Amino acid sequence: MTTVLLLSDIHGNLHALETVLNDAFERAEIASVWVMGDSVGYGAQPNEVIKRLRTLPDLAMVKGNHEAAAIGEISIANFNPSAAASAAWTTEALIPEVRDFLTALPLVTMRSSITLCHGTPRNPIWEYMLTSQTAELNLNRLDTAGCVHGHTHIPSVFGRELSTNWHVIQARDTDVFQLDYERWFVNPGSVGQPRDGDPRASYALLQLTDNEAPRIQFHRVEYDVAKAQDLILDAHLPSTLAYRLSVGR
């Protein structure tokens, strides 16, 4: 059995990331780490987060909308005011080494016959996987049975049976699912800025075996929210970005 650590939407929150890593590596022997985009943006430590991620075993990462905005590949015109201010700040804060690393990230990649993206396979930058209709529309852009994504900041499982019925589940702490669906999409939730009303950092462990369907375990962990908030305020980023960390919205 191989255990993969699934992370997404870290958003420059090093305190949340370190707490998640400590928790995950205590729970399991992690062979690989997959990161589904938006590792920067909103938080005050984008360079530190990327440097830390690059130390992790067998790392696979994709580019999200906040990376694309920070390196100038997309306009911030469609961002809300707080997100736009954060993107502009991140652009100035990135060191050349990190900027080059983010620029080289793919929008979509594949590991262990599973697709990795930020939003969805058909629109990895902007589309949110929120309904079974969206999942169905993405099947013709999915060349694998399963996909791990982020972007919604909500831990979830979308599973399609042979009958074309979809199971849509918002995952909670300690939930475990066997991904024995014909096709499936999973989201580990947000490490650095949860939006499901639970301020604890969210991640998942994916267990892969040769003869069985993948198994996913969802986890939540408390971290020092106040320290992350102080860094945001000290950087003169919008105060709403600090406040929302304490409410998980």
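Assorted remarks:
- Scanning segment 53-107 for residues being more than 19 Å from residue 42 (Cα to Cα), in a loop (DSSP other than H, G, I, E, B) and open to solvent by less than 40 Å² (accessible area, probe 1.4 Å) gives a total of 2.
- Boolean, residue 198 is under 30 Å from residue 88 (Cβ atoms) and over 15 Å from the mean Cα position of the chain (by Cα): yes
- Residue among 76, 71, 50 that is of a type in the set (Val, Ile, Thr), farther than 24 Å from residue 113 by Cα and at pLDDT below 95: 76
Residues are listed down the side, and each one gets a yes or a no for (1) open to solvent by 10 Å² or more (accessible area, probe 1.4 Å); (2) without any contact (Cβ under 8 Å) to a residue 12 or more places away in the chain; (3) on the phi < 0 side of the Ramachandran plot; (4) of a type outside the set (S, T, N, Q):
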residue: 11; (1), (2), (3), (4): no, no, no, yes
residue: 35; (1), (2), (3), (4): no, no, yes, yes
residue: 40; (1), (2), (3), (4): no, no, yes, yes
residue: 51; (1), (2), (3), (4): yes, no, yes, yes
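- Annotation: of all residues in segment 164-195 being assigned to a loop (DSSP other than H, G, I, E, B) and open to solvent by 70 Å² or more (accessible area, probe 1.4 Å), the one that is modelled with the lowest pLDDT is 164.
- Qualifying residue in segment 213-234 (condition: closer than 30 Å to residue 44 by Cβ, assigned to a helix (DSSP H, G or I), out of contact with any helix residue (DSSP H, G or I) (no Cβ under 6 Å at 6 or more places or on another chain) and free of Cβ contacts under 8 Å to residues at least 60 places away in the same chain): yes
- Residue list for segment 19-28, restricted to those being assigned to a helix (DSSP H, G or I), surrounded by fewer than 24 Cβ atoms within 10 Å (Cβ to Cβ) and touching a residue at least 40 places away in the same chain (Cβ under 8 Å): 19, 23, 24, 27
- In segment 236-249, the qualifying residues are those that are out of contact with any helix residue (DSSP H, G or I) (no Cβ under 7 Å at 6 or more places or on another chain), open to solvent by less than 70 Å² (accessible area, probe 1.4 Å) and not in a helix (DSSP H, G or I), and the one that is farthest from residue 147 (Cα to Cα) is 247.
- Verdict on residue 203 being among the hydroxyl-bearing types (Ser, Thr, Tyr) and either surrounded by 17 or more Cβ atoms within 10 Å (Cβ to Cβ) or in contact with a helix residue (DSSP H, G or I) (Cβ under 7 Å, 6 or more places away or on another chain) (or both): yes
The values are calculated or read from the model by the stated rules, or taken from the named source; none is laboratory data. Because the structure is a prediction, the values reported are computed rather than measured. Positions of Cβ are backbone-derived with ideal geometry, glycine not excepted, and every protein chain shown enters the neighbour counts. All accessible areas refer to the heavy atoms of the entire protein, side chains included, with ligands and DNA or RNA removed. Shrake-Rupley method; radii C 1.70, N 1.55, O 1.52, S 1.80 Å.
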